[in-house]
1. Of all the helices (runs of 4 or more DSSP H) wholly in region 234-320, which have at least 3 residues that are under 17 Å from A201 (Cα atoms)?
2. Kindly indicate whether any position in region 129-141 is touching a helix residue (DSSP H, G or I) at 6+ places or on another chain (Cβ under 7 Å), free of Cβ contacts under 8 Å to residues at least 60 places away in the same chain and part of a strand (DSSP E or B).
3. Looking only at region 211-233, count every residue that is under 18 Å from the mean Cα position of the chain (by Cα), surrounded by fewer than 21 Cβ atoms within 10 Å (Cβ to Cβ) and not in a loop (DSSP other than H, G, I, E, B) and tell me the total.
4. Suppose we filter region 180-192 for residues that are more than 15 Å from the chain's Cα centre (by Cα) and either within 21 Å of K246 (Cβ to Cβ) or not in a loop (DSSP other than H, G, I, E, B) (or both); how many remain?
5. Between L183, L205, L260, L191, which is farther than 22 Å from Q9 by Cα, out of contact with any strand residue (DSSP E or B) (no Cβ under 7 Å at 6 or more places or on another chain) and of a type outside the set (D, E)?
6. Would you say I10 is of a type in the set (A, V, I, L, M, F, W, C), surrounded by 17 or more Cβ atoms within 10 Å (Cβ to Cβ) and at pLDDT 95 or above?
7. On the given criteria, is P252 more than 16 Å from the chain's Cα centre (by Cα) and at pLDDT below 95?
8. With respect to D97, determine if the residue is over 19 Å from V175 (Cβ atoms), touching a Lys or Arg at 6+ places or on another chain (Cβ under 6 Å), in contact (Cβ under 8 Å) with a residue 12 or more places away in the chain and among the acidic types (D, E).
Amino acid sequence: MRIDVHSHQIPASCIIESETTADTYTVHVAGSDGEPLYHARRGVNGHEPEQIYSVARRLKDMAAEGIDMHVISTPPFCFYYDTEPTKALAICRRINDSFAETVANDRGHFVALANLPMQAPEDAATELERAVRELGLSGVEIGTNVDGKNLDDPSLAPFYAKVHELDVPIFIHSVNVLGPERLDKYHLGNLIGNPTEDALAAASLIFGCVLQEFPRLKVYIAHGGGSCPYLRGRWEHGWRVRDDAKVKIQRPPSEFFGQLRFDTLTHFGPALNYLVETVGPERLMLGTDYPFDMSDTDPVRAIASLPHLSDREKDMIFSGNAMELLKII
């Protein structure tokens, strides 16, 4: 079995599609009051319109890529962390309800992660409990920052406490990348901004004491963790020689790094092999970033071609680790 833990969907019930021609389309994600909140155009967002919402098209693409199950989550432009909290909560509830319907209609192919109004952590905690206990969603996706606040911001404690209590995983995806004014050419906001943002999120959880305070948190990070696996030694050295790296944690960062998990989306065989050797096959899961043009459209080959892994270890990456983490029966 092959499970993709990094695939994005906007539920069809949340979309108003218009202005569609052979060359362009616009997708409107409707807010709680019907106001369009997102517009996508072909050639900018890197996917055909139906790929973001059509279950039938998704199943066809999954079959072509050799994927049996998608863990669906919203694309980061649907986080709405800069939206008024009451409005954001209404949008999240609508998305979560629709995700639950998708899963209920086809449990053999889909599980889903909740979308939350993280700018209002108490509301986020309440909606997460509803999404997990009432709707049966399997975890939560959050951004690498919340409208500019790093993930060690003290205001997020109620959210982490609820995740801890519910024992569900957090999928962290880059959003609102740092230094955008220097990354506005050559698609660098994605090519450099996203993996850098992933590393900043991991560092915030580690150095900011979040993983120490909530030791049962189960976190997996998109894009192979971005640059953080390759910075692990630098973090360790910096903690030993710099007092400001020890402000909140008294144990070396490597002890907390071992709590993190990652998807396999590296786009480069040697980089993926390094990731396997650095974190171990037990902490990796297949991830593609479907349906965007930065996705891996041949993920099975990427994992199957890894050297030095047994068939059992490859199966762990293909599905075993995801089944355990997300409690997929």
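The values are calculated or read from the model by the stated rules, or taken from the named source; none is laboratory data. These numbers were taken from a predicted model, which means no experiment stands behind them. Because the Cβ atoms are built from the backbone with ideal geometry, glycine has one as well, and the counts that use them run over all protein chains shown.
1. 253-257
2. yes
3. Within region 211-233, residues that are under 18 Å from the mean Cα position of the chain (by Cα), surrounded by fewer than 21 Cβ atoms within 10 Å (Cβ to Cβ) and not in a loop (DSSP other than H, G, I, E, B) number 1.
4. Selection size over region 180-192: 7.
5. Just a single option satisfies the conditions, and that option is L183.
6. No; evaluated as a whole, the condition is false for this residue.
7. No; evaluated as a whole, the condition is false for this residue.
8. It is false that D97 is over 19 Å from V175 (Cβ atoms), touching a Lys or Arg at 6+ places or on another chain (Cβ under 6 Å), in contact (Cβ under 8 Å) with a residue 12 or more places away in the chain and among the acidic types (D, E).
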